[in-house]
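Worksheet: the structure to be examined is printed underneath.
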Amino acid sequence: MPAPPKSIRIPANPLTERALIAAIRTQVKKGMPVRQGILAVGIGDDCAVLRPRPKEDLVVTTDFSLEDVHFRRDWHPPQSVGHRCLARGLSDLAAMGARPEAAFLSMALPPALTMGKAGGKAGGSWVEGFLEGFMRLAERFEVPLGGGDTARSPGAKDGLASMDIVLIGSVPRDRAMLRSGARAGDILCVTGALGGSAAELEALERRPAAFRTAANAGHPHLYPEPRLEAGRKLMRRGLATAAIDLSDGLSTDLSHLCDESGLAAEIQAESVPVDARATLQQALHGGEDYELLFTISRKHKVPKHIGGVEVHPIGRMKKAGKGPQVEISENGERTSLVAAGWDHFR
Ligand SMILES: [Mg+2]
């Protein structure tokens, strides 16, 4: 039999599925939060069993993390890929004002990523780094991993890693914050600062080696912070008439909110909180900031902070007319703000 070409890496002894699941369970046990909430039966059975509390609604969100689409193995440390995989789903829960209850994770992995440094052993493998980042965030927000699936990723050569996450959250009945509740005259607000993720991604692209040992805090792209506390407080206080998380970029996500509420909006460029390392363009169109965009009735005072994060009024909602859906004023000049954020199919 001819020797395989050098570019094809065949691990001498990749983990079996059983060994991989055992490694996951060990890692999960280490980081598993004490609070199990509505998760009555978790990993180990054919299905997880959820026991919702009375007078609550469950919310569900699902997100892909695909290699070369959402992350690159040569740019993102595995801990960051695991963190971001969970953070994206948690950010969706935050936008609804929900409390996270359980996560379900499916992974298709090339065998090389299950190989430890010693070969065959789980220690030090890419997937363990991934789980480390994932579980660190899960522990912080008390999200139990309720189950999942593992498979070998198809294709020749090394194959690509694909993860899919399902998150279940709970919210008092009929209180979930929707994109559709904004009214003309409502004040448009964002949490935190924008554009930091796009700016860090550019820096990462230029010098990935500089980010190998990046730790959690202060890395808006590698380790975004889902605004669960802010979302929860907005819901509890009944402050927001509508909400969405900023995953695709302010210009794009604001147009989603306008679409669902049947309204138009205008914002002031000077009011947009721009991250210290970013440009206004990155703040307007760069995605993955995972801050919250929400509307507040004029009857309420805009709080300076909510859930430990700053709140910035950036404009207002208005009736949809013949003009552009979203207008931006800068130095007294008004122009149309075209949705130019992330779009997978553009
Ligand atoms: Mg979202």
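The values are calculated or read from the model by the stated rules, or taken from the named source; none is laboratory data. This is a predicted model, so every value here is computed, not measured. Here Cβ is always computed from backbone atoms with ideal geometry, including for glycine, and neighbour counts include all displayed protein chains. Calculation scope for accessible area: heavy atoms of the full protein, side chains included, ligands and nucleic acids excluded. Shrake-Rupley method; radii C 1.70, N 1.55, O 1.52, S 1.80 Å.
Cβ-Cβ contacts under 9 Å between residues 6 or more apart (or on different chains), taken from a first residue in segment 88-106 that is at positive phi to a second residue that is part of a loop (DSSP other than H, G, I, E, B), are listed as G97/R175; G97/A176; G97/M177.
Each residue in segment 158-178 was checked for being open to solvent by 20 Å² or more (accessible area, probe 1.4 Å) and over 17 Å from the mean Cα position of the chain (by Cα), and 8 of them qualify.
Among the residues of segment 52-69, those identified as closer than 21 Å to G89 by Cα and in a loop (DSSP other than H, G, I, E, B) are P52, D68, V69. Just the residues that are within 16 Å of the ligand (Cβ to nearest atom), open to solvent by less than 20 Å² (accessible area, probe 1.4 Å) and not aliphatic (A, V, I, L, M), please, taken from segment 74-114. R84, C85, G89, S91, G97, P100 - these are the residues of segment 74-114 that are within 16 Å of the ligand (Cβ to nearest atom), open to solvent by less than 20 Å² (accessible area, probe 1.4 Å) and not aliphatic (A, V, I, L, M). Hey, any hits in segment 313-336 for a residue that's closer than 12 Å to C189 by Cα, of a type in the set (D, E, K, R) and open to solvent by 50 Å² or more (accessible area, probe 1.4 Å)? The answer is yes, given that some residue of segment 313-336 is closer than 12 Å to C189 by Cα, of a type in the set (D, E, K, R) and open to solvent by 50 Å² or more (accessible area, probe 1.4 Å).
Conditions (1) charged (D, E, K, R); (2) touching a residue at least 12 places away in the same chain (Cβ under 8 Å), marked per residue:
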residue	(1), (2)
R207	yes, no
A215	no, no
E229	yes, yes
R232	yes, yes
I244	no, yes
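Table: residues versus (1) over 30 Å from K299 (Cβ atoms); (2) small (G, A, S); (3) within 16 Å of the ligand (Cβ to nearest atom); (4) in contact with a Gly (Cβ under 8 Å, 6 or more places away or on another chain).
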{"position": "S125", "(1), (2), (3), (4)": "yes, yes, no, yes"}
{"position": "A151", "(1), (2), (3), (4)": "yes, yes, no, no"}
{"position": "V171", "(1), (2), (3), (4)": "no, no, yes, yes"}
{"position": "R175", "(1), (2), (3), (4)": "no, no, no, yes"}
{"position": "R183", "(1), (2), (3), (4)": "no, no, no, no"}
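Only one of the numbered conditions (1) assigned to a loop (DSSP other than H, G, I, E, B); (2) touching a helix residue (DSSP H, G or I) at 6+ places or on another chain (Cβ under 7 Å); (3) within 16 Å of the ligand (Cβ to nearest atom) is violated by L293, and that is (1).
I244 fulfils the conditions (1) farther than 30 Å from V69 by Cβ; (2) in contact with a Leu (Cβ under 6 Å, 6 or more places away or on another chain) except for a single criterion, (1). Residue count for segment 115-157 satisfying the condition of being out of contact with any strand residue (DSSP E or B) (no Cβ under 8 Å at 6 or more places or on another chain), surrounded by fewer than 22 Cβ atoms within 10 Å (Cβ to Cβ) and at pLDDT below 85: 12. Listed by first and then second residue, the pairs with beta-carbon distance under 6 Å, at least 6 apart or on different chains, first residue in segment 267-288 and acidic (D, E), second open to solvent by less than 60 Å² (accessible area, probe 1.4 Å), are D275/A193; D275/G195; D275/G196; E288/S197.
Restricting attention to segment 253-263, the residues that are surrounded by fewer than 20 Cβ atoms within 10 Å (Cβ to Cβ) and either away from the ligand (no atom under 13 Å from the Cβ) or acidic (D, E) (or both) add up to 3. Restricting L246, L234, L250 to residues that are under 19 Å from K318 (Cα atoms) and either crowded, with 20+ Cβ neighbours inside 10 Å or touching a Ser or Thr at 6+ places or on another chain (Cβ under 6 Å) (or both) narrows the list to L250.
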